[in-house]
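We did not get these values from a lab; they are worked out from the coordinates using the rules stated. For clarity, every value in this text was computed on a predicted model and none was experimentally measured. Cβ placement follows ideal geometry from the backbone for every residue including glycine, while neighbour counts extend to all protein chains displayed.
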Amino acid sequence: MARVLLNVPRSAARGEVIEIRALIQHEMETGYRPGANGEVLPRDIIRRFVCRYGNEVVFQAELFPAISANPFISFTTVATESATLTFHWSGDNGFAQTETRVLAVT
């Protein structure tokens with residue numbers, strides 16, 4: 001399981017624009033770099049990130065080999081109702097990780 005850092009407000013006023021920041025620890029091997037033995041290291045990247053607010057997708061991104069290790073993603077959304085934010089990363093070699101945070105809207 002990869003280490004994840006999420007910066008999500010615990011509460012917000014209805015209609016407030018909130019910033020969400022997500023960082024996941026992952027080496028993101030491109031598949032083009034030779035290893036110590038001269039053989040090309042196999043590709044191992046996070047390919048997709050999706051954030052759902054309740055049941056609605058509010059942000060998604062397709063990632064490619066040019067993305068740096070430990071990808072950081074920042075985006076905004078509007079606080080409409082109290083709900084759970086679900087963050088899901090998926091990638092090569094069966095990599096998948098999901099984290100959740102609750103947002104209380106007043």
Subject >> Top of A36, A22, A96 by mean-square fluctuation, Gaussian network on the chain, Cα under 10 Å >> reply: A36
Original post:
Relative to the Cα centre, what is the charge dipole magnitude of the chain, using +1 at the beta carbon of each Lys and Arg, -1 at the beta carbon of each Asp and Glu, and rounding to the nearest 20 debye?
Top reply: 200
Subject >> Stretchable slack from L41 to H88, in nm (0.36 nm times residue separation minus alpha-carbon distance) >> reply: 14.4 nm
Subject >> Relative packing of 82-95, 37-50, which averages over residues the other C-beta atoms within 10 Å, highest first >> reply: 82-95, 37-50
Subject >> Spin-label pair E19/T80, simplified geometry with 7 Å Cα→Cβ offset, distance in nm >> reply: 2.3
**OP:** Please list, in chain and number order, the residues 5+ apart from S11 or on another chain whose amide H is under 5 Å from its amide H, with Hs placed from the backbone.
**Re:** A104
Subject >> Hull volume in cubic angstrom per residue (convex hull over the Cα atoms of the chain) >> reply: 87
Original post:
With Cβ to Cβ distances under 11 Å as the rule, what net charge do the other residues near E62 carry (K, R +1; D, E -1)?
Top reply: +2
